[in-house]
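Contents: one structure, followed by commentary.
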Amino acid sequence: MVTRMKACALCNGIVEYKGLCPKCGDSTLDQGRYYDYYDEYSAYMDIIHVQLADGIPNSSCTDTCLHLFTCIRCGEEEGKSINLTEF
């Protein structure tokens, strides 16, 4: 029996996401999981536990990982949900 798991391909360096800033249209850079910026310990917590306290309704019921993106020109920040990939 093969057990498959879901993981964020962006967190694990499998893919690279390049977005556009909604404010100025320049490129954005991935700053990592949005949850990692809650406090000094959140980066070490399991994503499922963080999703229970993130303030986003039903986020623990979805197969997504919320990432923070920052514009390289104007510094605008935006959170984007990245779909988890089955491995």
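The values are calculated or read from the model by the stated rules, or taken from the named source; none is laboratory data. It should be emphasised that the depicted structure is a prediction, and the values quoted were computed from it without experimental measurement. Using ideal geometry, Cβ is built from the backbone for each residue, glycine included, and neighbour counts are taken over all protein chains shown. For the accessible areas, the whole protein counts, side chains as well, though only heavy atoms, and no ligand, DNA or RNA atoms are used. Shrake-Rupley method; radii C 1.70, N 1.55, O 1.52, S 1.80 Å.
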*asked:* Anything in the stretch 58-76 that is more than 21 Å from G13 (Cα to Cα) and open to solvent by 80 Å² or more (accessible area, probe 1.4 Å)? List them, or say none.
replied: N58, C61, R73
*Taking the stretch 1-18, which residues are open to solvent by less than 80 Å² (accessible area, probe 1.4 Å) and part of a loop (DSSP other than H, G, I, E, B)?*
C8, A9, L10, C11, G13, V15
*Could we say that R33 is modelled with pLDDT of 75 or more, surrounded by 16 or more Cβ atoms within 10 Å (Cβ to Cβ) and not hydrophobic (A, V, I, L, M, F, W, C) here?*
yes
_Pick from the stretch 77-87, criterion touching a residue at least 24 places away in the same chain (Cβ under 8 Å) and out of contact with any Phe, Trp or Tyr (no Cβ under 8 Å at 6 or more places or on another chain), ranking: surrounded by the fewest Cβ atoms within 10 Å (Cβ to Cβ)_ = E86
*Could you tell me which of the residues Y44, Y17 is closer than 23 Å to M5 by Cα and modelled with pLDDT of 80 or more?*
Y17
